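Participant: Mind having a look at this structure? Questions to follow.
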Amino acid sequence: MASLYTVGPGALDGVGVGDVVSLDGAEGRHAVSVARVRVGEVLRIADGRGAVVTGVVASTGRDALTLTVDAVAVEAEPRPALVLVQALAKGGRDEMAVQAATEIGVDRIVPWSAARSVSRWDGAKVEKGRARWAAIAHEAAKQAVRSRVPSVDAPVTTAQLAAGTGAPSGSGPSSDGGREARRALVVLDPVGAVRLSGWDPPADVDEIVLVVGPEGGIDGSEFARLEAAGAVRARLGDTVLRTSTAGPAALAVLQTRLGRW
């Protein structure tokens, strides 16, 4: 499979076979200076939103290249989308979860300031932390050769999570005529009554929102609030996984339940 590089959202809009696409900035520099891409090689360039062009490198510079497009493909947005609500965690375990979840196929990531989160994003740390997670997701998507890079939202509180606030496809109108998008809310609980492997995702939902707590677990009041919002408390098995492992493992189960794996 040809190497995959990314450009910004919208950069491939309107591009067709025979057009010339430029790859510059950090991606172009990496392709030319690190990967040693040369004229005549075949590459793929994606915009992170499903559009991918394939073509032959026509020219290279010190930190950029141009590609003559031979093929254009657009990967449909998956439905239901898989959303990971990852609690902020210490020791970089939340970042480990972001990386693995992206490789497994998560579509959107939401940082969660849970009651027992030791790590906190305040002030300037909010955008810095979100940008850090977005960069990790970007690199993981490239490693997995994904044409879609999962978006990373601003952090939410438990109240916002229960209300659907901050969820673009969960709180606003969808693209099919203004209908409010539907979500299935699943909270991982080591002693939950439902096994995730036996849970049947509702057929009519637009997204499955998977909630993972911090190392100290989810507070009882948070469970109550999320259950009141319709959440299902589900367990993975008979062992307790770290917060860095639980989300990716659950996403793998859901990918299988949805018939994608």
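The values are calculated or read from the model by the stated rules, or taken from the named source; none is laboratory data. Only a predicted model underlies this, so the values are computations on that prediction, with no experimental measurement involved. Heads up, the Cβs are rebuilt from the backbone with ideal geometry, glycines too, and the neighbour counts pull from every protein chain shown. Heads up: the accessible areas ignore ligands, DNA and RNA and are worked out on the full protein's heavy atoms, side chains in. Shrake-Rupley method; radii C 1.70, N 1.55, O 1.52, S 1.80 Å.
Participant: Within region 173-187, how many residues are open to solvent by less than 20 Å² (accessible area, probe 1.4 Å) and either more than 19 Å from the chain's Cα centre (by Cα) or modelled with pLDDT of 95 or more (or both)?
Facilitator: 4
Participant: Within region 65-115, how many residues turn out to be buried (at least 22 other Cβ atoms within 10 Å of the Cβ), in contact with a helix residue (DSSP H, G or I) (Cβ under 6 Å, 6 or more places away or on another chain) and not hydrophobic (A, V, I, L, M, F, W, C)?
Facilitator: The number of residues fulfilling the criteria is 2.
Participant: When the residues of region 188-206 are narrowed to those that are closer than 21 Å to residue 235 by Cβ and touching a helix residue (DSSP H, G or I) at 6+ places or on another chain (Cβ under 8 Å), which ends up modelled with the lowest pLDDT?
Facilitator: Looking at the filtered set, the residue picked out is 201.
Participant: Name the pairs: first residue in region 109-123 and within 14 Å of residue 85 (Cβ to Cβ), second residue aromatic (Phe, Trp, Tyr), Cβ to Cβ under 9 Å, at least 6 apart or on different chains?
Facilitator: Partner pairs satisfying both residue conditions: 109/133; 111/121; 111/133; 113/121.
Participant: I've got another one for you. Looking at this structure, is residue 26 within 25 Å of the chain's Cα centre (by Cα) and either more than 22 Å from residue 107 (Cβ to Cβ) or in a strand (DSSP E or B) (or both)?
Facilitator: Numbers: within 25 Å of the chain's Cα centre (by Cα): yes; either more than 22 Å from residue 107 (Cβ to Cβ) or in a strand (DSSP E or B) (or both): yes.
So residue 26 fits the description; yes.
Participant: Please go through region 61-112 and give me each residue that is more than 18 Å from the chain's Cα centre (by Cα) and under 27 Å from residue 219 (Cα atoms), ordered by number.
Facilitator: Listed by number, the residues that qualify are 90, 91.
Participant: Does residue 40 fit the bill of being assigned to a loop (DSSP other than H, G, I, E, B) and without any contact (Cβ under 8 Å) to a residue 24 or more places away in the chain?
Facilitator: For residue 40, the condition - assigned to a loop (DSSP other than H, G, I, E, B) and without any contact (Cβ under 8 Å) to a residue 24 or more places away in the chain - is met.
Participant: If we keep just the residues of region 8-24 that are open to solvent by less than 40 Å² (accessible area, probe 1.4 Å) and modelled with pLDDT of 95 or more, which is farthest from residue 139 (Cα to Cα)?
Facilitator: The initial filter retains those residues of region 8-24 that are open to solvent by less than 40 Å² (accessible area, probe 1.4 Å), namely 8, 10, 12, 15-16, 21, 23.
Checking which are modelled with pLDDT of 95 or more leaves us with 12, 15-16, 21, 23.
Working: 12: 19, 15: 24, 16: 26, 21: 21, 23: 16 Å.
Among those residues, the one meeting the criterion is 16.
Participant: Of everything in region 195-208, what is open to solvent by less than 50 Å² (accessible area, probe 1.4 Å) and in a strand (DSSP E or B)? Give them in sequence order. Outline the logic, then answer.
Facilitator: So in region 195-208, the residues open to solvent by less than 50 Å² (accessible area, probe 1.4 Å) come out as 196, 199, 201, 205-208.
Within region 195-208, 207, 208 meet the criteria.
Participant: Show the residue pairs that are 6+ apart or on different chains and have beta-carbon atoms under 8 Å apart, the first residue being within region 208-231 and of a type in the set (D, E, K, R), the second being part of a strand (DSSP E or B) and open to solvent by 20 Å² or more (accessible area, probe 1.4 Å).
Facilitator: What qualifies is 227/233.
Participant: Select, from 247, 259, 237, 192, the only residue that is within 21 Å of the chain's Cα centre (by Cα), open to solvent by less than 20 Å² (accessible area, probe 1.4 Å) and of a type outside the set (Val, Ile, Thr).
Facilitator: 247
Participant: Restrict the check to region 110-123 and report whether at least one residue is in contact with a strand residue (DSSP E or B) (Cβ under 6 Å, 6 or more places away or on another chain) and aliphatic (A, V, I, L, M).
Facilitator: Checking region 110-123: at least one residue is in contact with a strand residue (DSSP E or B) (Cβ under 6 Å, 6 or more places away or on another chain) and aliphatic (A, V, I, L, M).
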